[in-house]
Amino acid sequence: MRSINPAAKNANRAFVRLHTYVAKVQDWDLFTQSYRVVLNTNGSEDVTLFIVQVFDKNGQPAALGPNIPNQITFSYRKAPTMSVWTEFFNDGKFNWRNVSCR
């Protein structure tokens with residue numbers, strides 16, 4: 001029987017994407033015991049913004065390496081229709097981000 005991902009029902013699309021990244025590498029419950037995951041949603045009639053951030057136990061942005069972002073933002077604009085994903089990575093030495101638009 002196929003198990004259902006509990007994160008898939010979450011309205012914060014950035015959280016769903018983070019959960020997918022983490023689940024590929026390690027167990028979600030173990031991840032949340034080590035890190036603090038903060039969700040934020042902000043919206044208006046025209047634009048909706050979803051943010052998820054991961055912090056270490058000291059409250060600093062987590063250095064999760066090249067495979068798991070420590071921040072994901074997803075913004076959706078209704079007119080003209082456009083969605084933008086921004087993923088922030090930190091490997092302990094360098095910070096970088098990926099941006100994709102649709």
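Under a 1.4 angstrom probe, counting protein chains only, how are 87, 45 ranked by accessible area, largest first? Intermediate values should be presented prior to the final figure.
Values: 87 10, 45 155 Å².
Largest accessible area first, the residues go 45, 87.
Keeping every protein chain present and rolling a 1.4 Å probe, give me the accessible area per residue for the chain in Å².
Details: 6880 Å² over 102 residues.
Here the per-residue accessible area is 67 Å².
Magnitude of the Cβ-charge dipole of the chain, K/R +1 and D/E -1, about the Cα centre, nearest 20 debye? Mind dumping the intermediate values first?
Details: 12 positive and 7 negative charges, 44 e Å.
It works out to roughly 220 debye.
What do you get for trypsin sites (Lys or Arg not before Pro) in region 22-92 restricted to DSSP loop and a cutoff of at most 13 other Cβ within 10 Å of the site's Cβ? All intermediate terms of the calculation are to be shown ahead of the outcome.
Details: sites: 24, 36, 57, 77, 78; in loops: 57, 78.
Hits after loop and neighbour filter: 57, 78.
Angle, helix 13-25 long axis vs. longest principal axis of the chain, Cα atoms, 0 to 90°, nearest 10?
Its long axis makes an angle of about 30 degrees.
On the accessible surface of region 36-97, probed at 1.4 Å, how many percent belong to carbon and sulfur atoms? The partial results should precede the final answer.
Values: 1840 of 3810 Å².
Within region 36-97, the accessible surface is 48 percent carbon and sulfur.
How charged is the neighbourhood of residue 39? Take every other residue with its Cβ under 13 Å from the Cβ of residue 39, and add Lys/Arg as +1 and Asp/Glu as -1. Show your work: numbers first, answer last.
Numbers: positive: 13, 17, 36; negative: none.
Taking every Cβ under 13 Å from that of residue 39, the sum is +3.
In the chain, what is the count of Lys pairs whose alpha carbons are under 26 Å apart, counting only pairs at least 8 residues apart or on separate chains?
On the way: 9/24; 9/78; 24/57; 24/93; 57/93.
Lysine pairs meeting both conditions in the chain amount to 5.
Apply the Karplus curve 6.51 cos²θ - 1.76 cosθ + 1.60, θ = phi - 60°, to the phi angles in region 54-67 and return the couplings in whole Hz, x for Gly and Pro.
For region 54-67, the Karplus curve yields 10, 10, 7, 5, 8, x, 8, x, 6, 8, 9, x, x, 9 Hz.
Work the Kirkwood hydrodynamic radius out for region 39-102: mean of 1/r over every pair of different alpha-carbon atoms, inverted, in Å. Don't skip to the answer; put the middle values down first.
Numbers: mean 1/r = 0.0790 Å⁻¹.
For region 39-102, the Kirkwood estimate is 12.7 Å.
Would you calculate a helix-derived [θ] at 222 nm for the chain, using -39,500 (n - 2.57) for each DSSP H run of n ≥ 4 and dividing by the full residue count, to the nearest 500? Spell out each step's value before the answer.
Details: 2 runs with 20 residues, N = 102.
Taken over the chain, the calculation gives -6000 deg cm²/dmol.
The values are calculated or read from the model by the stated rules, or taken from the named source; none is laboratory data. The structure displayed is predicted, hence computed values, not measured ones. Note that we place each Cβ from the backbone using ideal geometry, even for glycine, and neighbour counts take in every protein chain shown. Note: areas computed on protein heavy atoms with side chains; ligands, DNA, RNA excluded. Shrake-Rupley method; radii C 1.70, N 1.55, O 1.52, S 1.80 Å.
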